[in-house]
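Written below as structure tokens is the structure these notes are about.
The values are calculated or read from the model by the stated rules, or taken from the named source; none is laboratory data. Since we're looking at a predicted model, the values are computed, not measured. Cβ placement follows ideal geometry from the backbone for every residue including glycine, while neighbour counts extend to all protein chains displayed. In case anyone asks, the SASA skips ligands and DNA or RNA and just uses the protein heavy atoms, side chains included. Shrake-Rupley method; radii C 1.70, N 1.55, O 1.52, S 1.80 Å.
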Amino acid sequence: MVDFERTDTQEQLVATAREFGMGVVAPAEVELDRIPDPEEVFASDLFWSVMSQFFELGFNRMALPEAFGGLGLDPQTTGMVWEELGRWGPGFAASLMPGAVVPQLLSFLVPDREDLIDEFVRPYCQDKTGRFITAWCSSEPDVGSDGSNYEDLAVHHHTTARLDGGRYTLNGAKSDFVSNGGIASAYIVFACVDPSMGIKGSAAFVVPGDAKGISRGRAIDKTGLRTLNQSSVFFDDVEIPEGHLIFPHGESYPMLHNAIITVGNLAVGYLAVGLMRAAYEHALEHCKSRIQWGKPIFEHQLVAKKLFECWQAIEACRAFLYKGSWLSKQNFPGDLKTSLGAKIFATEMAVIHTAEMVQVLGGYGISMEYPVEKYARDAKLLKIMDGTNEILMTKAAKHL
């Protein structure tokens, strides 16, 4: 059975995340959230200063093997830390999660490829500047949710990879929603090798961010999570060695795709719990000091009901995510339907309850001088992150 008692190591990690989050991340994220032009956010010294501190503390390499310079933490421990980071800086945390996708996939898929480990994994673990961010390029302007459409052979990635003389040439475009797309130092790119096989005709490649022919679009101007860079990525005759193919096309493609979202969706779910906690804790404190009708508004039953239901959702979502993490620890990458179910439940609850905490604060709730309106904006994006909840639900239901 799952043990809910934290180890000393887990307590120390969460305490470090809390201290760093409260003192450094939260004020920086609020300041960056208010910058109108997202391009200015990712050109600012403040963004990179905070990111470098994340790397110095090792939060970028929590799940990576110790043999390569990572911390080797298990999924349950990393989940606890993601929740705490999400409590203070969900945008920064949402950058770190896909930011490790290249070293994580290489460590999982090709741990014996010393050339790739030395080029992409060890330098990532050793980096203290925060600049070695990576990204996963899958979705395209015409291939969004269709990325999970393994049945229709007419559906395929339009980014192509052609082998000639020991080198692959990549051409195509990935959508505006590539997390870290505009700032990444390396990419995992899903590109079509055989269109006759549909989505299964795609293979996975690791591509250096400085490769000739790569260009990036402007960071999109979003409602929330404004410290998460998201932009399009373009490939114009980008040449990479044949050895940069890390997963071939074919019938096993869904296994790789599902493994990525099994792990990734748990992380998104923990962010949702962190956001609910942030909104709940702020609203609870407000309700104890705000006097209306002769008493603190916490003592009004309808207000107390909203707070209790938010606390209830936090506890239920966290428990669901813990089970998903436990399953991932037992047999990596875990159970697809449990991970997707936990993410869907947590993000749906986060949207409902962060909005309710805005309601609890009344007029103050919609003021940008109070943080709860930001939590509500941030939460809305989580229902779309790593797949829309509607598509994820139909995908998970097939495994019942």
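Using heavy atoms of the protein chains and a probe of 1.4 Å, the accessible area assigned to Ile352 is about 80 Å². Taking 0.36 nm per residue of separation and subtracting the Cα-Cα distance, full extension of the segment from Phe332 to Asp152 would add 61.9 nm.
Within straight-line reach of Lys174, meaning a Cα separation under 30 Å, sit the following lysines at least 8 residues removed in sequence or on another chain: Lys128, Lys200, Lys212, Lys222, Lys337, Lys343, Lys374, Lys380, Lys383, Lys395, Lys398.
Within the set of other residues whose C-beta is less than 15 Å from the C-beta of Leu32, count the net charge using Lys and Arg as +1 and Asp and Glu as -1. Within the 15 Å Cβ shell, the charges total -4. Per residue, how much accessible area does the range 271-326 have with a 1.4 Å probe, in Å²? With the other protein chains kept in place, the range 271-326 gives 52 Å² per residue.
If you roll a 1.4 angstrom probe over the protein chains with everything in place, what fraction of the accessible area of the range 184-236 belongs to carbon and sulfur, to the nearest %? Please list the in-between numbers first.
Values: 790 of 1660 Å².
Taking all protein chains in place, the range 184-236 shows 48 percent carbon and sulfur surface.
Among the GluC sites (Glu not before Pro) within the range 3-77, those in coil by DSSP and having at most 16 neighbouring Cβ atoms inside 10 Å are Glu5. Loop-resident chymotrypsin sites (Phe, Trp or Tyr not before Pro) (DSSP state other than H, G, I, E or B) in the range 267-371 with no more than 14 further Cβ atoms inside 10 Å of their Cβ: Trp293. Projecting label points 7 angstrom from Cα along Cα→Cβ for Leu400 and Asp194 puts them 3.5 nm apart. In a DSSP loop and with at most 15 other Cβ atoms within 10 Å, the GluC sites (Glu not before Pro) in the range 249-288 are Glu251. Between the helical axis of 253-289 and the longest alpha-carbon principal axis of the chain there is an angle of about 20 degrees. Compared with the dominant Cα axis of the chain, that is its longest principal axis, helix 90-99 is turned about 20°. Here Cα extents along the principal axes in Å was calculated from the structure, and among [x] 80, 48, 41; [y] 65, 49, 41; [z] 193, 60, 41 it sits at label [x]. For the range 111-165, the solvent-accessible area of protein heavy atoms averages 51 Å² per residue (probe radius 1.4 Å; ligands and nucleic acids excluded).
Note the angle between two axes, namely the Cα long axis of helix 75-88 and the longest principal axis of the Cα atoms of the chain, as a number of degrees from 0 to 90, rounded to the nearest 10. Taking the Cα atoms of the chain, the angle to 75-88 is about 60 degrees. Can you give me the relative contact order of the range 37-90 as a percent, contacts being Cα pairs under 8 Å and 6 or more apart? Over the range 37-90, the number comes to 17 percent. Its DSSP H runs of at least 4 residues, each contributing -39,500 (n - 2.57), put the calculated 222 nm mean residue ellipticity of the chain at -15500 deg cm²/dmol, to the nearest 500. In this label model, Glu11 and Glu315 are separated by 2.2 nm, measuring between points 7 Å along each Cα→Cβ vector.
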